[in-house]
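Colleague: Here's a structure for you.
The values are calculated or read from the model by the stated rules, or taken from the named source; none is laboratory data. None of these values were measured; they are calculated from a predicted model. Positions of Cβ are backbone-derived with ideal geometry, glycine not excepted, and every protein chain shown enters the neighbour counts.
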Amino acid sequence: MASMESLISMVNRIQRACTLLGDYGGDNVNALPTLWESLPSVAVVGGQSSGKSSVLESIVGRDFLPRGSGIVTRRPLVLQLHKTKSGVEEYAEFLHLPKIKFTDFAKVRNEIQDETDKITGNSKQISPVPIHLSIYSPNVVNLTLIDLPGLTKVAVEGQPESIVQDIESMVRSYVEKPNSIILAITPANQDIATSDAIKLAREVDPTGERTFGVLTKLDLMDKGTNALDVLEGRAYRLQHPWVGIVNRSQADINRSVDMIAARRKEREYFAKSPDYSHLASRMGSEYLAKLLSKHLESVIRARIPGIMSLISRSIDELEGEMNHLGRPVAIDAGAQLYTILELCRAFDRVFKEHLEGGRPGGDQIYVVFDNQLPAALRKLPFDRYLSLQNVRRVVSEADGYQPHLIAPEQGYRCLIDGALNYFRGPAEASVDAVHIILKGLVRKSIGETQELRRFPTLQAEILAAANEALDRFREDGRKTTLRLVEMESSYLTVDFFRRLPQEVDKGGNPAASTADRYGEGHFRRIGSNVYAYVGMVSEGLRNSIPKAVVHCQAKALAQLLDEDPALMERRQQCAKRLELYKSARDEID
């Protein structure tokens, strides 16, 4: 018995580890069947109101499942039973609440209901997402049971028309697996020929090798009738014996009769029944639990070679993928790549500290933006460019043979375009200054990276690669900053110029303005307006040029060494699954 318990307990531990890792179905790192799928478990199948919940509670010896009319089980419940030493307090744990022990099983029922409602809402919808529950008790046998939604023939109010097919598809996905043991629940007061559970079991397990038949509600059959034809295998023969169950009555449930007393009452029923007393030793929930546990142990023994083969193949595949992804052991090409990436990340950390704070260097870039760029903008020769003579010349050339009638729009545009060209020099100078600073920070960071000091060749390669990238980023920065200047030329701020005619007429004497249109005062006002507009543009470029430079140069190099987060996550998942499979192999060994 100890051997059987340790075997099933081992499988329970492996299944729990699979569950924690998420290795029980869905998207997998490799294409092999999951370890969870290769391990046997018991799927509980039956129609609605067939007594499934009562059978499970009888096996556990606890009242912990939600009750009600219609469809109550709306998500699969993966129930792992762990036998503990006598005298140890019973408790339950949910996978989604791993650090909380439930000793009040009424709260277990509420949690199952609440967790179901989180996915399905308060409707009568179903969901294939399982709830995982472990129960630790001296009154159970080591076993994994999966409670599935009850099969139905019609959709009730609040359910989609597809509910019948949806439930059957979900149940079928569990019972059609060759490692699944089917616990087919049928009420004794129903014709076995119409049993939904037996019908489905026959389709997926035509030989009956994986099916255990359970008859519930034997005490509710009409007087003068019995279920001996079924229990003795004459009505429908299975490879394994049928087991009869007497569940608690509704009156017992209302009186909160505990499951231990219910088990005793069930034993007395079969012992004293004139119809079933000769089968009493093979009836009842306690016998069913032991029968399932014993069969599960034999299945596990038979499956161990196949499980070991799956584990070995999985380990080989995962190690191959880990080699491809790179591991922190410098013994092969993949591991060497990983080591190089780690060294590059170490350099990257030092470089970011220089750039973003913690080490000196990044402040030099701030000096470029705060001192050098504003000083260069102030030194631009706009006074000379917007002199009276030059303004008159540019406006006259823009007018051509037809002098302007009101405001010299073409003259304004030509003057502004010419003035904006002066901004190209400070913009390019800022890019070049930051480029020189970044190159110096790269050299300094390589020298300060402790991990790189043993690898002079790698230092040279990183320096060359970083400088090559910086040259590329400088070109990007130059193009972007010059594009900012060109954008100012491409579209002038209209609101600024809409105010100009009003300013001309403020004197209240339009005739005087007309007379002055070609005089010295007129051209001085044009120069003053252009100067004001260029000043506004200068203020904008003073803020936007640093942003463009940082985006194209400083941040670009910092992001160059960032590894793809999806690749990092994939490596972590591979490592976890590899550890799981090796642990499972060690358990079986």
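Colleague: Is it the case that the stretch 183-192 has a residue that's of a type outside the set (A, V, I, L, M, F, W, C), buried (at least 18 other Cβ atoms within 10 Å of the Cβ) and within 26 Å of LYS272 (Cα to Cα)?
Modeller: yes
Colleague: In the list SER281, SER273, which residue meets the criterion of being over 26 Å from SER583 (Cβ atoms) and either surrounded by 17 or more Cβ atoms within 10 Å (Cβ to Cβ) or touching a Ser or Thr at 6+ places or on another chain (Cβ under 7 Å) (or both)?
Modeller: Values: SER281 fails: either surrounded by 17 or more Cβ atoms within 10 Å (Cβ to Cβ) or touching a Ser or Thr at 6+ places or on another chain (Cβ under 7 Å) (or both).
Testing whether each residue is over 26 Å from SER583 (Cβ atoms) and either surrounded by 17 or more Cβ atoms within 10 Å (Cβ to Cβ) or touching a Ser or Thr at 6+ places or on another chain (Cβ under 7 Å) (or both) leaves just SER273.
Colleague: Of the residues LYS118, LYS153, which is basic (Lys, Arg), without any contact (Cβ under 8 Å) to a residue 40 or more places away in the chain and either closer than 20 Å to VAL72 by Cα or outside any strand (DSSP E or B) (or both)?
Modeller: Of LYS118, LYS153, the one residue that is basic (Lys, Arg), without any contact (Cβ under 8 Å) to a residue 40 or more places away in the chain and either closer than 20 Å to VAL72 by Cα or outside any strand (DSSP E or B) (or both) is LYS118.
Colleague: Name the pairs: first residue in the stretch 350-363 and over 16 Å from ALA466 (Cα atoms), second residue among the acidic types (Asp, Glu), Cβ to Cβ under 7 Å, at least 6 apart or on different chains?
Modeller: ARG359/GLU353; GLY362/GLU356
Colleague: Now for a separate question. Determine which member of the set VAL171, VAL164 is within 44 Å of the chain's Cα centre (by Cα), at pLDDT below 90 and assigned to a helix (DSSP H, G or I).
Modeller: It is VAL164.
Colleague: Right, here's the next one. I'd like the full set of residues that are surrounded by 13 or more Cβ atoms within 10 Å (Cβ to Cβ) and without any contact (Cβ under 8 Å) to a residue 24 or more places away in the chain, limited to the stretch 233-248.
Modeller: GLY233
Colleague: Criterion first (more than 44 Å from the chain's Cα centre (by Cα), more than 15 Å from ALA548 (Cα to Cα) and in contact (Cβ under 8 Å) with a residue 24 or more places away in the chain) does LEU420 satisfy it?
Modeller: Values: more than 44 Å from the chain's Cα centre (by Cα): yes; more than 15 Å from ALA548 (Cα to Cα): yes; in contact (Cβ under 8 Å) with a residue 24 or more places away in the chain: yes.
Yes: the conditions hold for LEU420.
One line per residue, one yes/no per condition, for (1) at pLDDT 85 or above; (2) loosely packed, with under 13 Cβ neighbours inside 10 Å:
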residue	(1), (2)
HIS435	yes, no
PRO456	no, yes
ALA460	yes, yes
VAL485	yes, no
SER489	no, no
PHE497	no, no
ASP505	no, yes
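Colleague: Quick one: in the stretch 240-277, which of the residues that are in a loop (DSSP other than H, G, I, E, B) and modelled with pLDDT under 90 is nearest to SER298 (Cα to Cα)? Can you show your working first?
Modeller: If we filter the stretch 240-277 for residues that are in a loop (DSSP other than H, G, I, E, B), which is where we start, we get 240-242, 245-249, 255-258, 273-276.
Cutting the leftovers down to modelled with pLDDT under 90 gives us 247-249, 255-258.
Numbers: ASN247: 28, ARG248: 31, SER249: 34, ARG255: 40, SER256: 37, VAL257: 35, ASP258: 32 Å.
Looking at residues that are in a loop (DSSP other than H, G, I, E, B) and modelled with pLDDT under 90, I get ASN247.
Colleague: Every residue in the stretch 441-463 that is closer than 14 Å to PHE347 by Cα and either small (Gly, Ala, Ser) or free of Cβ contacts under 8 Å to residues at least 12 places away in the same chain (or both), please.
Modeller: SER445, GLY447, ARG453, ARG454, PRO456, ALA460, GLU461, listed by residue number.
Colleague: Tell me, which residue of the stretch 345-401 that is of a type in the set (Lys, Arg) and more than 60 Å from the chain's Cα centre (by Cα) is nearest to LEU541 (Cα to Cα)?
Modeller: ARG384
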